[in-house]
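The values are calculated or read from the model by the stated rules, or taken from the named source; none is laboratory data. Worth saying up front: this structure is predicted, and the values here are computed from it rather than measured. Cβ sites come from the backbone with ideal geometry, for glycine too, and all protein chains shown count toward neighbours.
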């Protein structure tokens, strides 16, 4: 079942804190990793779920509340604890969105557990093999 533009926009707002137009804008030049247009499956919204699940700590500051997350990366002060926590959750949701990528790149990132070091090691491994095929040193 295909979503209407209104449903699609509501989905992106709810899940990632951005509009569908913002997502489409990020993917207008294709996948942000390989450049593919993702014609068959479209471009996926890549996100880091660990950010959305970050612990939010609450501290009372006078009559207001302060919400902190991600090692005090963002501080929000509201009149109530509920308001401060809600603002922090929205910020984390938006922060977790990384970009628009194709199905294959999205699957590849998952296979490497979103770990840049693993991905870099895989690239070094492939380069060493290519050098070996060309008669170079490993």
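General remarks:
- Residue that is farther than 15 Å from residue 100 by Cα and modelled with pLDDT of 95 or more, where the choices are 81, 10, 67: 10
- Residue within segment 50-62 that is under 26 Å from residue 28 (Cα atoms), touching a helix residue (DSSP H, G or I) at 6+ places or on another chain (Cβ under 6 Å) and in contact (Cβ under 8 Å) with a residue 40 or more places away in the chain present: yes
- Once segment 96-115 is narrowed to residues that are within 28 Å of residue 69 (Cα to Cα) and over 14 Å from the mean Cα position of the chain (by Cα), the residue that is surrounded by the most Cβ atoms within 10 Å (Cβ to Cβ) is 112.
- Restricting 110, 13 to those that are closer than 30 Å to residue 125 by Cα, free of Cβ contacts under 8 Å to residues at least 12 places away in the same chain and not in a loop (DSSP other than H, G, I, E, B) reduces the list to 110.
- Residues that are exposed (fewer than 15 other Cβ atoms within 10 Å of the Cβ), closer than 19 Å to residue 8 by Cβ, out of contact with any helix residue (DSSP H, G or I) (no Cβ under 7 Å at 6 or more places or on another chain) and modelled with pLDDT of 90 or more do occur in segment 26-41, at least one of them.
- Some residue of segment 74-90 being touching a residue at least 60 places away in the same chain (Cβ under 8 Å), closer than 20 Å to residue 13 by Cβ and either surrounded by 13 or more Cβ atoms within 10 Å (Cβ to Cβ) or under 18 Å from the mean Cα position of the chain (by Cα) (or both): yes
- Candidates are the residues of segment 42-57 that are exposed (fewer than 13 other Cβ atoms within 10 Å of the Cβ) and touching a strand residue (DSSP E or B) at 6+ places or on another chain (Cβ under 8 Å); the one that is farthest from residue 114 (Cα to Cα) is 57.
- Taken residue by residue, segment 15-22 has no member that is more than 18 Å from residue 97 (Cα to Cα) and loosely packed, with under 15 Cβ neighbours inside 10 Å.
- Against the list (1) part of a loop (DSSP other than H, G, I, E, B); (2) surrounded by 15 or more Cβ atoms within 10 Å (Cβ to Cβ), the condition residue 71 fails is (2).
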